[in-house]
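Since the structure comes first, as structure tokens, the remarks are kept for the end.
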Amino acid sequence: MLSSSTFKNIPYGKQEINQADIDAVVSVLKSDFLTQGPSVLEFEKAFASYIGVNYAVAVSNGTAALHLCTLVLGVSKGKKVITTPITFAASANCVRYCEGEIELIDIDPETALIDLDKLYALLKAKPKGAYSGIITVDFAGYPVDLEKVRKIADEFGLWIIEDACHAPGGYFIDSKGVKQNCGNGQYADLAIFSFHPVKHIATGEGGMITTNNKELYQKLLLLRSHGITKEPEKFVNDAALIEQGGWYMEMQTLGYNYRLSDLQAALGISQLARAKENLKKRKQIAAVYDKAFEGTNIKILKNNQKSSHAYHLYVILVENRKALYNYLRENNIFSQVHYIPVHLMPYYQELGWKKGDLPLAEKYYELCLSIPMYPSLSMEEQGFVIEKILNFSK
Ligand SMILES: *Cc1c(COP(=O)(O)O)cnc(C)c1O
């Protein structure tokens, strides 16, 4: 039996920084551009190619990505947008930034993803046009069937934002047998990613929006940087460049500073080069957990043959969750809970949501625990985690 002193702390998720990453950042530090230089575009191109999408816009974090998406899709006061209660609050908050209203739909308890039958039933029961859009979340790395969502969205005139923060490299197989990568813009209008250190690719803070829609892409570029353009062919005031001078630029709309720096972009490029390999490690770790928990009283979320999970999180479902969480902590294993349902947050309760509104999400929340899942988790460490969980649950 291994003792807890054999290992340092084992968190639920962790970034992995190697010498190539450090060298990449140092080289930007020595260059002319700490921000607004060439690394951002290079990162965007590399990321778009990894995902298999036409356009990518790097931004300061995943939440800024969501905010820009709701802005370009026209969310405004009173507009209603649907999302899932089992997600990070930012998936809903972005609608509130634009004074829109959030509708939450309960989950499928087997996957913890938004229940598409319930989505359909809700839309059917309301007059057409009652909702503007839907924000789907590939929770834990499990891809939502966006082909299905698109069909529903088209019937009721909704746009789709895919919150793919958990799922770079994940995919599902659509009805034509085609592999559809999370965030590839095939079915969703826009998708977003985060490069917070617990996610697959770490840039400290960072985010990305992906799309195949050129018009939305150009609006996003403008809003990311103050609504200002320096490209003469895009000027509203054609003559100004010649009349005024070479410094001329135009602020055409009210934008933000949601830029990613070149330091972060360089780190992102370097991290992205290992994304495939690291995803493979996540899948191997998941397979070991799957096997270890088979036939035990540790339940796991369902996975299915028609999709490829990106395993941002590995979630187990246990009756005595709090006791297990504390027991693991005593053994220097730091599990986490994903997520406290959005509607149980005091802010959303003030808006009228209450306990009991979404019983399946609430039940899931009572049971869920995210156990260590990151590429550098060693076999020995994972063995120790499994041993402690099984020992506790006997
Ligand atoms: C991390 C995360 C975000 C927010 O990303 P930040 O980069 O932390 O702003 C949004 N949605 C989901 C599902 C996330 O996991």
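The values are calculated or read from the model by the stated rules, or taken from the named source; none is laboratory data. It should be emphasised that the depicted structure is a prediction, and the values quoted were computed from it without experimental measurement. We place every Cβ from the backbone using ideal geometry, glycine too, and count neighbours over all the protein chains shown. Please note that ligands, DNA and RNA were not included when accessible areas were found on the heavy atoms of the full protein model with its side chains. Shrake-Rupley method; radii C 1.70, N 1.55, O 1.52, S 1.80 Å.
Couple of notes before you dig in:
- Of the numbered criteria (1) more than 11 Å from the ligand (Cβ to nearest atom); (2) open to solvent by 20 Å² or more (accessible area, probe 1.4 Å); (3) part of a loop (DSSP other than H, G, I, E, B); (4) of a type outside the set (Val, Ile, Thr), the one Lys199 fails is (1).
- Residue in region 63-83 that is at pLDDT 95 or above, within 15 Å of the ligand (Cβ to nearest atom), under 21 Å from Ile192 (Cα atoms) and open to solvent by 10 Å² or more (accessible area, probe 1.4 Å) present: yes
- Flag for Asn304 being over 30 Å from Leu390 (Cα atoms), open to solvent by 40 Å² or more (accessible area, probe 1.4 Å) and at pLDDT below 95: no
- Of all residues in region 347-365, those satisfying the criterion of being outside any loop (DSSP other than H, G, I, E, B) and open to solvent by 70 Å² or more (accessible area, probe 1.4 Å) are Tyr347, Gln349, Glu350, Pro359, Lys363.
- Within region 87-169, strands (runs of 3 or more DSSP E) holding 3 or more residues that are assigned by TED's automatic domain parsing to the domain that holds Lys355, within 14 Å of the ligand (Cβ to nearest atom) and among the hydrophobic types (A, V, I, L, M, F, W, C): none
- Evaluated against (1) surrounded by fewer than 16 Cβ atoms within 10 Å (Cβ to Cβ); (2) of a type outside the set (A, V, I, L, M); (3) within 28 Å of Ile209 (Cβ to Cβ), Arg274 falls short on exactly one condition, (1).
- The single condition from (1) aliphatic (A, V, I, L, M); (2) assigned to a loop (DSSP other than H, G, I, E, B); (3) surrounded by 10 or more Cβ atoms within 10 Å (Cβ to Cβ) that Leu223 fails is (2).
- Filtered by the rule that a residue be within 16 Å of the ligand (Cβ to nearest atom) and not β-branched (Val, Ile, Thr), region 202-215 gives Ala202, Gly204, Glu205, Gly206, Gly207, Met208.
- Selection status of Val288, at pLDDT below 95 and not charged (D, E, K, R): no
- Here Asn54 meets the list (1) in contact with an Asp or Glu (Cβ under 7 Å, 6 or more places away or on another chain); (2) open to solvent by 40 Å² or more (accessible area, probe 1.4 Å) almost entirely, failing just condition (1).
- When region 170-196 is filtered for residues that are open to solvent by 30 Å² or more (accessible area, probe 1.4 Å), under 28 Å from Ala266 (Cα atoms) and more than 13 Å from the ligand (Cβ to nearest atom), the ones remaining, listed by number, are Tyr171, Asn181, Gln186, Asp189.
- Taken together, the residues in region 226-266 that are outside any loop (DSSP other than H, G, I, E, B), touching a residue at least 60 places away in the same chain (Cβ under 8 Å) and open to solvent by less than 20 Å² (accessible area, probe 1.4 Å) amount to 3.
- Test: residue in region 15-35 that is small (Gly, Ala, Ser) and in contact with a Phe, Trp or Tyr (Cβ under 7 Å, 6 or more places away or on another chain): no
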